[in-house]
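Shown next, in structure tokens, is the structure this report addresses.
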Amino acid sequence: MQTAHKRMSKMLGYSLTLGDFDAWFAFSAVATVRLSETERAALAFAALKSLSPSKAELAADAAISGAGSPSASFFGGMEDARSWANFASRSELKAHALAAYEALPVTDQMAFRRHISEVEIAL
């Protein structure tokens, strides 16, 4: 058995034992690193096939529907924004990023452009 598969087997055990949202979210993150896209698709297919059609549809819809609108930020914007962004679809990320940028005053837009340029240079 491949090392990555052994590690995923352990991760599955941990996720089943804990059984909470954070454990399954971590499983997803580790699977992204340890398994190929084909392996993850096969795993998703097998899991969906094990459910009734109505439950499989609900699970698939929840997985691909995105995060919805960001919620109000009460304890500092960046942590909440990053948490929301982890669940958002690509189209949601693009739409909210552009809308937020356009809503900024020009001075903040300029500061944002400088920040993005510095990040690009650092990469």
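The values are calculated or read from the model by the stated rules, or taken from the named source; none is laboratory data. Since the structure is predicted, the reported quantities are computational estimates derived from the model, not experimental observations. Glycine gets a Cβ as well: all are built from the backbone with ideal geometry, and neighbour counts include every protein chain shown.
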Filter result (surrounded by 13 or more Cβ atoms within 10 Å (Cβ to Cβ) and of a type in the set (Gly, Ala, Ser)) within the stretch 16-27
ALA23, ALA26
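Limited to the stretch 81-123, what total is found for residues that are aliphatic (A, V, I, L, M) and over 24 Å from GLY68 (Cβ atoms)?
Final tally of qualifying residues: 8.
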Suppose we filter ALA72, ALA81 for residues that are over 20 Å from PHE25 (Cα atoms) and either surrounded by fewer than 13 Cβ atoms within 10 Å (Cβ to Cβ) or modelled with pLDDT of 80 or more (or both); which single one remains?
ALA72
Mind checking which pairs have a first residue in the stretch 96-114 that is within 14 Å of ALA81 (Cα to Cα) and a second that is among the basic types (Lys, Arg), Cβ under 7 Å, 6 or more apart or different chains?
none
Answer yes or no: is there a residue in the stretch 30-37 that is surrounded by 13 or more Cβ atoms within 10 Å (Cβ to Cβ), under 15 Å from the mean Cα position of the chain (by Cα), modelled with pLDDT of 90 or more and closer than 30 Å to GLN2 by Cβ.
yes
Would you tally the residues in the stretch 17-38 being in contact with a helix residue (DSSP H, G or I) (Cβ under 7 Å, 6 or more places away or on another chain), part of a helix (DSSP H, G or I) and not small (Gly, Ala, Ser)?
4
Mind checking whether some residue in the stretch 38-47 is β-branched (Val, Ile, Thr), closer than 19 Å to THR3 by Cβ and modelled with pLDDT under 95?
no
